[in-house]
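Q: Below is the structure I would like to discuss, written out as structure tokens.
The values are calculated or read from the model by the stated rules, or taken from the named source; none is laboratory data. Because the structure is a prediction, the values reported are computed rather than measured. When we count neighbours, we look across all protein chains shown, and the Cβ atoms used for this are built from the backbone with ideal geometry, even at glycine. Protein only, heavy atoms only, side chains kept; ligands, DNA and RNA dropped before computing areas. Shrake-Rupley method; radii C 1.70, N 1.55, O 1.52, S 1.80 Å.
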Amino acid sequence: MEILNEILNSLPFLLEIPPELIYVFLLLTGIAAFLSLLDRALTRIESKRPAILKDEKKPPKAEEPLPPELEKYKKLEPESLVKRLQSGLSRTRKSFSSGLDSILSGKGAVDDELFEELEELLVTSDVGVKTSIAIIESLSQRKEQLDTPDKVRSALKDEIHKFISGPQHETHEPGGVQGAMDRLKPYVILVVGVNGVGKTTTIGKLAARFGSEGKKVLIVAADTFRAAAVEQLTVWAERADADIVKHKEKTDPAAVAYDGVEAGMARGADVVIIDTAGRLHTKVNLMEEIKKIKRIVDKRLPGAPHEVLLVIDATTGQNAMTQTQLFNDSLGVDSIAITKLDGTAKGGIVISVSGTCQIPVTFIGVGESLEDLQEFDPVEFVNALF
């Protein structure tokens, strides 16, 4: 009541104030109250905004370290890779070099008999009859200059190198035609081959290699006929820190491949590697299935797959040549990976495939470790043989 009386007593005073001043006072009071409320609201909104929006000038997040296995793979020195190559080819080197030493050590003259023995050595080393004949014919044309065993050895080394360093290697590199992997995103690789050649392991090691180069990799498990294949690829994807797309067993492989390419495009993958069921190259219906995968993938991403990579097993000898020719006739093989060279004394299949089929060999497997899938270097390979 006292407060009310004071207000009533002050009314005569308020009535004496000009209305304009009262309006100004009320306006300023309202503005001050509005600004106070606005400040409170902005403070509350600011506290709930994501950190990345609160400070747009915040320095970029540091690059996450690679998984330990990939970091080790990335730091391998060239000298270490050469040693691993030599170690992996030790059985082939021992067999070939000992045979060559035996031939050259007992010869005082360079004659037709020596060339015949060299040809036989090449054939028994899985170089192949046609390839061996071509190398020896080229070598015999230099007969006049080959007057010592050492010159014969050096000339044979040169001929083998020329044979496996054809024009097919000049425009191709691991990952396709030079620069293709950088231009095309995602770069799609379709991996094919018969059962047991090591496709799954090769895919895992390729994923690790590309991952160590900073590329985002997605693996597509399109071998839906074998549950173990999907499980193995899942393990490899974890090791290589790669994404994987997989479906239920018996799902249409072409549908899985389609979804995999679509996922690669959506997730910003740099490389998509598609696994396919191992199949006999003589089974027409199974080869048609791979053709279907190629067509479906091309519909989702025109031009894909950008590379058809054939995996062959060095221990199968000349049968690998037959596989290469038939797969190439059916699908158009772009590159070859030769596995299990550490498990054979007849590594000459590399020479035969590389020189005869005119398809670039991009990778060779010389062991079980990630780093044992190496880029094929004709010079280093020949040096490792002699």
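Q: Looking at segment 269-291, which of the residues that are in contact with a Lys or Arg (Cβ under 8 Å, 6 or more places away or on another chain) and open to solvent by less than 30 Å² (accessible area, probe 1.4 Å) is modelled with the lowest pLDDT?
A: The residue in question is 278.
Q: How many of the residues making up segment 365-383 are open to solvent by 50 Å² or more (accessible area, probe 1.4 Å) and not in a helix (DSSP H, G or I)?
A: Number of matching residues: 3.
Q: Give the number of residues within segment 300-350 that are farther than 16 Å from residue 199 by Cα and aliphatic (A, V, I, L, M).
A: 8
Q: Filter segment 104-120 for residues that are aliphatic (A, V, I, L, M) and either touching a Cys at 6+ places or on another chain (Cβ under 7 Å) or open to solvent by 20 Å² or more (accessible area, probe 1.4 Å) (or both); which is farthest from residue 320 (Cα to Cα)?
A: Top of the filtered list is 109.
Q: Out of the residues in segment 147-165 that are modelled with pLDDT of 90 or more and open to solvent by less than 20 Å² (accessible area, probe 1.4 Å), which is nearest to residue 314 (Cα to Cα)?
A: Ranking the qualifying residues of segment 147-165, first place goes to 160.
Q: Please state which one of 294, 299 is in a helix (DSSP H, G or I) and either surrounded by fewer than 17 Cβ atoms within 10 Å (Cβ to Cβ) or among the small types (Gly, Ala, Ser) (or both).
A: Matching residue, one of 294, 299: 299.
Q: Those residues that are in contact (Cβ under 8 Å) with a residue 24 or more places away in the chain and open to solvent by 10 Å² or more (accessible area, probe 1.4 Å), I need them from segment 126-137; list them, please.
A: 126, 130, 134
Q: In segment 166-201, how many are in contact with a helix residue (DSSP H, G or I) (Cβ under 7 Å, 6 or more places away or on another chain), modelled with pLDDT of 85 or more and part of a loop (DSSP other than H, G, I, E, B)?
A: 3
Q: Can you confirm whether segment 238-252 contains a residue that is closer than 14 Å to residue 305 by Cβ, modelled with pLDDT of 95 or more and in contact with a strand residue (DSSP E or B) (Cβ under 9 Å, 6 or more places away or on another chain)?
A: So far as segment 238-252 goes, no, none of its residues is closer than 14 Å to residue 305 by Cβ, modelled with pLDDT of 95 or more and in contact with a strand residue (DSSP E or B) (Cβ under 9 Å, 6 or more places away or on another chain).
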